1. Any chance you could get the radius of gyration and Dmax over the Cα atoms of the stretch A:2-80, in Å?
2. Can you pull out the GluC sites (Glu not before Pro) in the stretch B:82-139 that DSSP calls coil and that have at most 16 other Cβ atoms within 10 Å?
3. So what's the convex hull volume per residue for the Cα atoms of the stretch B:53-176, in Å³?
4. For the protein assembly as shown, what is the accessible area per residue in Å², given a 1.4 Å probe and the full set of protein chains?
5. In whole angstrom, note down how far apart the Cα centers of the stretch A:17-65 and the stretch B:131-148 are.
6. With +1 on each Lys and Arg Cβ and -1 on each Asp and Glu Cβ, and nothing else charged, work out how big the dipole of the protein assembly as shown is about its Cα centre, in Debye to the nearest 20.
7. Inside 10 Å of the C-beta atoms of A:9-21, what's the mean count of C-beta atoms belonging to other chains?
8. In what sequence, largest accessible area first, do B:Arg243, A:Arg33, A:Arg38, B:Arg140 appear using a 1.4 Å probe?
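The values are calculated or read from the model by the stated rules, or taken from the named source; none is laboratory data. For clarity, every value in this text was computed on a predicted model and none was experimentally measured. Cβ sites come from the backbone with ideal geometry, for glycine too, and all protein chains shown count toward neighbours. The protein model used for the area step is the full one, side chains on, heavy atoms only, and it has no ligands, DNA or RNA in it. Shrake-Rupley method; radii C 1.70, N 1.55, O 1.52, S 1.80 Å.
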Amino acid sequence: MLKATVEVRLKRGVADPEGDNTLKALNLLGFSRVAAVRFIKVFEVDLEEEDEGKAEEMLETMCRKLLANPVIHEYSIHLLH
Amino acid sequence: MKKGDVKVCILLIEGTNCEEETSHVFEELGASPERVHLNQLVRDVPPELKRSLEDYHVLVFPGGFSSGDYVRAGAIWAARLKSRLLQDLRTFASEGKAVVGICNGFQVLVELGFLPGIGGISEVPQAALATNDSAHYECRPTLLKFENRGLSQPLSRFHKDQTMLAPSAHTEGKFTFPQGDERRMLTALDRADQILFRYVDVEGEYAGYPWNPNGSIHNIAGICNPRGNVIGLMPHPERSFYRYLHPDWTRGGDGPDGDGRLFFESILDYVMENF
């Protein structure tokens, strides 16, 4: 069995209101040295697959079909060993 | 076709809302609406519960937070439809029947690739309904200007520049095109006459927040597919069906009809004329 994480984040330049508002709240709480916060979604996926190549291919398809919307998101896949 | 023969399928899964209101408005107008759970179309259910999409003339994806809006608003519902009902949906739309997505339903149609559908139904989304600029749930009356120049036959009862009040209630409603490609996509959308509604202020001018509640590009509130029969919009016309649902209902305004009524009447007229 392979484990993987998939990080889905907004593309650079796409408004990130969740990140911006978290930054604002952190600044208000006194964390004045926080300069930027970005909101990222992480999916942890367990795969019944031993072949790393096949696993990556499968995860790639998952991103295209469901986990990310290519209009606003970019994603990265990390296989865990 | 007579009004009473117009069959409207209001599709449900867990987390949809406003299906009762949508069903009510179609009933009030004399059509035959039915609330149908997705499982009734795609799964083995007792024969008395089994339904077939081809028996309907209008398909409505109502609002709500389907499947908890997990992953992204509308993404899970779209995935389920893609896996079990895509061909039936394609056939339904290709026959010119009316497909309407309201709020979460609009998000589903965009995730499905039916909207905007430039160059045909797309395998991956061509647009996104991103988180509102305010980063929170926006629940307020919004004013929409009808922009269509005649492509969308189901909405032909609206005249150009007519405004409609319809409440918005969403967190992810910012209509967005891929970065760097916005102008090209907007031009394509406009040239093909696929823009239906844009947010305006009380003067009828395109305005920023809060009139545009989410920061949508070009103030876009609703669009249609290149044929004009697949319609999606973020605000809820069923929530302004009656005049007393308008926020200023005690101050002026004649008669019992709200702005949203025309939206549904127009769709019914289209079906009666064409099927």
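1. Cα only, the stretch A:2-80: 15.8, 48 Å (Rg, Dmax).
2. Numbers: sites: B:Glu95, B:Glu111, B:Glu123, B:Glu138; in loops: B:Glu95, B:Glu123.
In loop regions of the stretch B:82-139 (DSSP not H, G, I, E or B), the sparsely surrounded GluC sites (Glu not before Pro) are B:Glu95, B:Glu123.
3. Numbers: hull volume 15.1 nm³, N = 124.
Once divided by residue count, the hull of the stretch B:53-176 is 122 Å³.
4. Details: 16410 Å² over 356 residues.
Per residue, the protein assembly as shown has 46 Å² of solvent-accessible surface.
5. Using only Cα atoms, the two centres lie 27 Å from each other.
6. Details: 39 positive and 52 negative charges, 120 e Å.
Roughly 580 debye for the protein assembly as shown.
7. Numbers: counts 0, 2, 3, 1, 2, 7, 8, 3, 11, 3, 1, 2, 4.
Other-chain Cβ atoms within 10 Å of each residue's Cβ, averaged: 4.
8. Values: B:Arg243 30, A:Arg33 225, A:Arg38 135, B:Arg140 65 Å².
These residues rank, largest area first, as A:Arg33, A:Arg38, B:Arg140, B:Arg243.
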